[in-house]
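One structure, pasted below without further comment.
The values are calculated or read from the model by the stated rules, or taken from the named source; none is laboratory data. Every value quoted in this text rests on a predicted model; they were computed, and no experiment measured them. Counting neighbours? That spans all protein chains shown, and the Cβs are built from the backbone with ideal geometry, glycine included. Accessible surface areas use protein heavy atoms only, side chains included; no ligands, DNA or RNA. Shrake-Rupley method; radii C 1.70, N 1.55, O 1.52, S 1.80 Å.
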Amino acid sequence: MMRPVNIVIAVITLVVGYFLLGELPGSVNGICITALVLQVFAFAFAIGFANIQNDILDLESDKLNRPERPLPSGKLSVTAAKRTWITLLVACVLCGVADSALLRFNATPAIFFILLTALLIAYNVKLKHIPLLKNMTVAFLCMTPLILTLFYPTDIREADYESLDFATKLGFLYPAMMFAFLLTTAREIYKDLEDELGDLKAGIMTFPLIAGVETARRFAGALIIFTWILLPLPVMQGYYPASFLVSTAFIFTPCFTYIIIQAHRKNYRKSQTVTKYAMLIGIIALVASMAIG
């Protein structure tokens, strides 16, 4: 129920964010290993609590769309699930507070994880019922590990080192943010297409049900193509080396082609699954290209 694959992707994204900024533990002005561990656990707890709470609220629709899940199948009680997500929420916030204490009580991490948990609850309770906005909210949430690295105050420590200014940090991080946002939005639309029948029976209005299946599928495909078109942008701006374009184009071109073909064949589960893993592969290719230079 905690979606371990999503947790792994979030943790990798967090580490990659600090890598792109040269702020991994051990670097001149990097974060300490304790802070990184706290952030890893905080994101794991956040993803866990949000998905468990979401499964509780979506129990009726999951009986139709995902009957094999723990709650619809009866493997876990709703009461136990409620206790678990509340415990994970508290643990997430405490990790943020502990991280702030490491920064001589700088409130940035604590505020970040409090706002993150608030947004996750707002999504589960309200935002997920608003077509398309729910898809974009999930896409924004996938960017949050990178957003934390952007605002995390590594320059609070004493060091004979001038940290990167905000604009430079944003230059290194925005391509990864942009790709994550676009691909996740497309993936979430494919998920809605996959769950169309169950959502309709449960009375849940999604973008495909409002705009129509053809429009939703074409829009998701357009996002995939737009992401592919944008691949040269960070290279042209000088933030990423040319090897980034070569590696990602080599990886994404067949992946994106496969995604669009499967969506056209109405194999939406394959489309959304490959989109998720394409993001992970893209992150790995980014790290490799930056390491090579």
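Listed here are the residues, each with its yes/no results for (1) on the phi > 0 side of the Ramachandran plot; (2) open to solvent by 40 Å² or more (accessible area, probe 1.4 Å); (3) assigned to a helix (DSSP H, G or I).
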site: Arg83; (1), (2), (3): no, yes, yes
site: Val93; (1), (2), (3): no, no, yes
site: Asp99; (1), (2), (3): no, no, yes
site: Phe105; (1), (2), (3): yes, yes, no
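Would you check if Asp55 is in contact (Cβ under 8 Å) with a residue 12 or more places away in the chain and within 30 Å of Leu200 (Cβ to Cβ)?
Criteria met by Asp55.
Could I ask something else about it? Quick one: which residue in Ile111, Ile31 is open to solvent by 40 Å² or more (accessible area, probe 1.4 Å) and more than 17 Å from the chain's Cα centre (by Cα)?
Ile111
A further question on this structure: Failed condition for Ile52, given (1) modelled with pLDDT of 85 or more; (2) outside any helix (DSSP H, G or I); (3) touching a helix residue (DSSP H, G or I) at 6+ places or on another chain (Cβ under 9 Å), with all others met?
Failing condition for Ile52: (2).
Please enumerate the residues belonging to the range 266-286 that are of a type in the set (D, E, K, R) and either modelled with pLDDT of 95 or more or within 22 Å of the chain's Cα centre (by Cα) (or both).
Answer for the range 266-286, where residues must be of a type in the set (D, E, K, R) and either modelled with pLDDT of 95 or more or within 22 Å of the chain's Cα centre (by Cα) (or both): Arg269, Lys270, Lys276.
Shifting gears a bit: Failed condition for Pro72, given (1) in contact with a Lys or Arg (Cβ under 7 Å, 6 or more places away or on another chain); (2) open to solvent by 60 Å² or more (accessible area, probe 1.4 Å), with all others met?
So the condition that Pro72 fails would be (2).
Report the residue count in the range 1-14 for those that are among the hydrophobic types (A, V, I, L, M, F, W, C), buried (at least 18 other Cβ atoms within 10 Å of the Cβ) and within 22 Å of Ala291 (Cβ to Cβ).
Residues that pass the stated criteria total 4.
Given (1) farther than 22 Å from Asp62 by Cβ; (2) under 23 Å from the mean Cα position of the chain (by Cα), identify the lone condition not met by Cys142.
Only one criterion is unmet by Cys142, namely (1).
Next up: Residue pairs, Cβ under 8 Å, 6 or more apart or interchain, first in the range 93-118 and under 13 Å from Cys32 (Cα atoms), second among the polar types (S, T, N, Q). List them.
Final answer for the pair search is Asp99/Gln39; Ser100/Asn106; Ser100/Thr108; Leu102/Thr34.
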